[in-house]
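Asker: Have a look at the structure that comes next, please.
Nothing in this text is a laboratory measurement; each read-out follows from the coordinates by a stated rule. Values in this document were obtained by computation on a predicted structure and should not be read as measured data. Backbone-built Cβ (ideal geometry, glycine too); neighbour counts: all protein chains shown.
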Amino acid sequence: MLAGIVAYAVFVPMLAGTDQKVTDFSAARLPPSSAHLFGTDHAGRDLFVRLASGLRVSLLIAALCAVLAMVLGMLVGSVSAAVGGRTDRIIMRIIDAVNAVPHLLLGVVIVAMFRGSVIAIIASIALTHWTQVARIVRAEALSVRGLEYVEASYLLGATRAQVLRRHFLPAALGQGMVATVMLLPHAIWHESTLSFLGLGLSPDRASLGTLLQEAQAEVLLGGWWALVFPALLLLCTTLAIAACGSGLVSRTEGRS
Amino acid sequence: MSLEATPLPGRQARRRRRRAELRTIVVRRTVLAVPVVLGVSLLVFLLAAVSPFDPLAAYLGDRYVQASVEQRRQLSEALNLETSWFSAWWQWAGSALTGDFGHSRVFRQPVTAVMAERLPWTLLVAGTGLFLAVVTALLAAVRCAYRPGGPLDRAVGAAATVLQGLPPFVISLGLLGIFAVTAGWLPGGGLTDPGAEPSAGQVARHMVLPVLATALSQLPWLLLSLRASMAGVLRSDAVRGVRLRGLRERTVIRKHVLPAALAPFIAVLGSRLPEVIVGAVLIETVFSWPGLAAAVVSSAQALDFALLAALTVMTTVAVLAASLLADLLYVLLDPRVTADV
């Protein structure tokens, strides 16, 4: 299912070429038909194509956020576990503190200050979500810390940095990846929420959020298709990723 | 040898120990909360300092282009914009402690007045919606618990999962489309009809859709977590013992399963406040409800820094307070939990 969604996002804009930019006001606000599978928007653009490119932008942003959050989380988590002691405690307190701030609010503040920049959106999502990864990675690293092979490498004179690189990161990679996959729906949500509030991407750039924002005006005019299809797509995407994530969880659980 | 030789701690002693534990939690959390709140407010000021956003341009609006360089310099001196971000924060924090959060540009009022005016509306909608969601979740979870894995249980679970995948603004737009546009039964936005006096009837009619949207967006999560904790209790030995006493299923669930499942439920309810706030922000925006949460969006869109900073810090305080309250309730409800958790 996920493959189908990704394929839709990748191939439909490609096949349709530049179609989604073409406006045709004589064909504005058409309900779904065989010519326009999902209907058209207020400027006569085909929603089937526009939705695909919107999904592509949303997925891309979400993936970047998740990767950034993963790198940050893995780094902080494993270093925290490797150094231990007081540093570890302070880092955990910082994570608690970041978690105490409502994520979306921090996102709104960051995006409001750096209006309209994609980097700000990505940074605002990544900076509020790395803590989950960090926590999981730290727990994984701590669980291998007491094992014999790690003890042995310390006894053989390995430095903390070496142990971190050779043992902690590989051990935590699996769970870290799972946590990253689980972040994806969150990131999609955040992006669409920020864009919906008019704080994210500029309206001419299609993403799930901007399409849903346009749907707000359409709904008031009775254009149900402008809301239903993006919403369904958002739902299917997040559910598919979540299913994929829980599949990964049950797999990694069997291993450890 | 008398039985009283090693008495169990009496009720008085137990109560005293309990109270001491509660105090430990309050003190520890408050100590942690201070740096968090300070850090958040510092972060907001630091972000404003490094962002390309120019407070002078925001203050002047269109007149910014007309103002001469000399006028701009004078004004920025008068508005105290020449100071570093840290001393700006220091001054802000000083006056915030005395209850002065500055002046909101968007609403042309002191920030405290904006909050006092809008907070009740937010509390009204969010509170009613949340109450509705909790009641529905309780009723549905009890129904589901009669036959775990039965058709009703599975249907409710699937419906909640799907509903959980929809962001609050999609739910709001859906409700808007169905009930306000297509059916035309209910007004689609605002606090009252245009030009009408805010009477109880007007407000009640206008708050139906926002409340419904709040309830629908909070319900799935509440329901799923309550269902999960009830399923856990249903499998426990204690419940098997109660069943062996031959009690009716109804009694088993209402008198034994539900109370046991409620403690963790209340604890997570408090940690849920950030999501409720996010939901309120989105729902109030869709229905143009004049609440405080919608003010977050308008202040962010218009770069109303004083209001944005105050709202951010206030929300952080509220979230910390709610999670503290939830933990306290958890300790009070479940005698096994100690302050160490």
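Asker: Enter the mean number of other protein chain beta carbons within 10 Å of the beta carbon of each residue in B:316-322, as an integer. Intermediate values should be presented prior to the final figure.
Answerer: Numbers: counts 6, 1, 1, 5, 3, 0, 0.
The per-residue average across the peptide is 2.
Asker: Right, another one. Starting at the first residue of segment B:17-26, write each ³J(HN,Hα) from the Karplus equation 6.51 cos²θ - 1.76 cosθ + 1.60 with θ = phi - 60°, in whole Hz, x for Gly and Pro.
Answerer: Values per residue, Gly and Pro as x: 5, 4, 4, 4, 5, 4, 4, 4, 4, 4 Hz.
Asker: Kirkwood Rh, Cα Rg: Rg to Rh for segment B:116-291?
Answerer: 1.07
Asker: For B:Ser288, which sequence-distant residues (separation of 5 or more, or a different chain) have an amide H within less than 5 Å of its own amide H, given hydrogens modelled in the peptide plane?
Answerer: Hits under the 5 Å cutoff: B:Gly190.
Asker: Right, something else. Using modelled backbone amide H atoms (1.01 Å from N, in-plane), which distant-in-sequence or interchain residues come within less than 5 Å of B:Gln109's amide H?
Answerer: Here B:Ser104 satisfy the definition.
Asker: Follow-up. Short version: ³J(HN,Hα) in whole Hz for each residue of segment B:150-158, in order, from phi by Karplus 6.51 cos²θ - 1.76 cosθ + 1.60 (θ = phi - 60°), x for Gly and Pro, what are they?
Answerer: x, x, 5, 4, 5, 5, 4, x, 5
Asker: Now for a separate question. So how far apart, in nm, are the two label points at B:Leu247 and B:Tyr146 if each is 7 Å from Cα heading toward Cβ?
Answerer: For the pair B:Leu247/B:Tyr146, the computed spacing is 1.8 nm.
Asker: Still on this structure, please answer the following. Which peptide among A:86-99, A:61-74, B:101-114 comes first, and what is the full order, when sorted by highest mean count of other Cβ atoms within 10 Å?
Answerer: Ranking, from highest mean packing down: A:61-74, B:101-114, A:86-99.
Asker: Work out the mean other chain Cβ neighbour count within 10 Å for the residues of A:53-62 and drop it here as an integer.
Answerer: Details: counts 0, 0, 0, 0, 0, 0, 0, 0, 0, 0.
What the average comes to for A:53-62 is 0.
Asker: Give me a single rounded figure for B:296-303: the average over its residues of other chain Cβ atoms within 10 Å of their Cβ.
Answerer: Mean shielding by partner chains, rounded to a whole number: 5.
Asker: Moving on. Applying the Karplus parametrisation 6.51 cos²θ - 1.76 cosθ + 1.60 with θ = phi - 60° to the phi angles of segment A:140-152, what ³J(HN,Hα) value in whole Hz is obtained for each residue in order, glycine and proline being reported as x?
Answerer: Each residue's phi maps through the Karplus curve to give 4, 4, 5, 6, 8, 4, x, 6, 4, 5, 6, 3, 4 Hz.
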